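What follows is a set of notes on a single structure, which appears directly below.
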Amino acid sequence: MAATRRSPAPPRPWDALVAACARLPFVPHDFAAQLEPSGRYEMAFDDEFPFAISLYHYRSDHHTRGSTWHERLELFVPIEGRALFRMGEREFDLRPGDLLVVENLELHHVVDFDGFDSRAVVVSFRPEFVYSLGSPSHDYTFLLPFYAAAKRRARVLPLTEHPEAADALRRLILCRFEEPDGALQRAGCKAFLLQLLLEVARRLRVSELARWEFLRQQQRTLRLKPLFDHVRERYADKLSVADAAALARMRPPQFMKTFKKVAGTTLIAYLNHVRLANGARLLRESGLSVADIASAVGFADQSYFDKRFKRAFGRTPMAFRLGGRSKSS
């Protein structure tokens with residue numbers, strides 16, 4: 001009787017992640033042209049999809065030097081080779097698989113050393129991609145690791161020891177680079193990012209460490225609720241910073257600071273987001289001209305509406321209308 005042949009064991013999640021990355025191109029770490037003198041470095045995100053994955057190849061003879069800071073949130077994961085990462089006065093010696101929660105507002109950079117040759121994945125996103133205005137309060141849990149990091153604690157998770165997190169990152173990378181671009185790809189990226197952030201929050205046990213900041217955020221959101229209600233009902237009306245601050249019963253400087261912490265963006269950017277979303281709805285549901293829709297949602301200039309709409313949705317308003325209607329319409 002022939003012996004039963006056993007199927008080979010599936011690869012460990014970390015090994016599967018490394019194999020997936022081996023199929024993808026890693027580019028030299030070079031963004032000196034976008035780096036401001038202050039060290040601020042911001043990526044050009046799509047307003048409707050403020051998320052990106054960068055695959056960088058760092059070498060002693062080819063990587064952007066100098067400290068940077070930015071408003072987006074980031075996760076840094078060496079896939080191959082050692083990496084030294086400095087944040088403020090602290091330095092982290094990262095091995096392949098060490099996921100680092102980056103303190104985005106603190107100056108940080110990779111540190112050069114003899115033989116520096118590393119490939120790393122950098123996951124970047126704006127806070128509102130995960131927790132935005134109108135989200136359930138518990139969605140803020142996904143962002144807790146970043147607030148815990150600000151409490152001077154090392155936020156490093158070895159993916160080699162946490163298969164669920166490694167698998168979530170693998171799925172996220174494959175969805176971003178191997179799925180066809182479109183709504184399903186974007187939804188998949190968000191789903192796998194949330195899974196990864198949940199594992200990071202769970203494994204680093206940050207819920208209690210950052211609970212105070214979570215409660216403060218809830219209080220800020222509650223204080224701004226009259227403003228959000230006003231914008232939802234009267235988004236086409238002109239609204240100055242002074243008027244918005246009055247609705248929240250704050251002084252303008254305090255209001256601008258609080259709004260940015262809650263919304264992750266400026267008042268103008270938020271108003272444009274709401275107006276464009278309603279413009280997209282009218283393009284799908286009404287027969288109004290593009291000019292009438294631009295006016296109805298608060299844009300005095302149709303050309304500016306066209307420009308902002310294309311930046312947000314990747315298509316002109318007319319192309320969006322033609323592609324957005326069902327075949328039965």
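Couple of notes before you dig in:
- Simple label model, 7 Å out from Cα along Cβ direction - Asp114 to Ala183, nm: 5.8
- Applying 1/(1 + (r/R0)^6) with r as the Cβ-Cβ distance of Leu288 and Asp229 and R0 = 25 angstrom yields a FRET efficiency of 0.45.
- A simple spin-label model places the labels of Thr266 and Leu222 3.1 nm from each other, with each point 7 Å out along Cα-to-Cβ.
- A protection proxy built from the mean count of other Cβ atoms within 10 Å ranks the segments 313-320, 120-127, most packed first, as 120-127, 313-320.
- Measuring against 23 Å, Cα to Cα, the residue pairs Lys190/Lys225; Lys225/Lys307; Lys225/Lys261; Lys261/Lys307 contain Lys190/Lys225; Lys225/Lys307; Lys261/Lys307 as the ones spanning a longer distance.
- Cβ-derived FRET efficiency at R0 30 Å, Val122 paired with Leu198, nearest 0.05: 0.95
- In units of the compact-protein estimate 2.2 N^0.38 Å, segment 224-324 shows a Cα radius of gyration of 1.15.
- A Förster distance of 51 Å, applied to the separation of the beta-carbon atoms of Arg90 and Met318, puts the FRET efficiency at 0.45.
- Square roots of 5 times each gyration tensor eigenvalue, C-alpha, segment 272-312, largest first, Å: 14, 11, 9
Only the coordinates and a few stated rules stand behind these numbers; no lab work does. Note that the structure is predicted; figures quoted are calculated from it, not measured. Cβ: placed from backbone, ideal geometry, glycine included. Neighbour counts: every protein chain shown.
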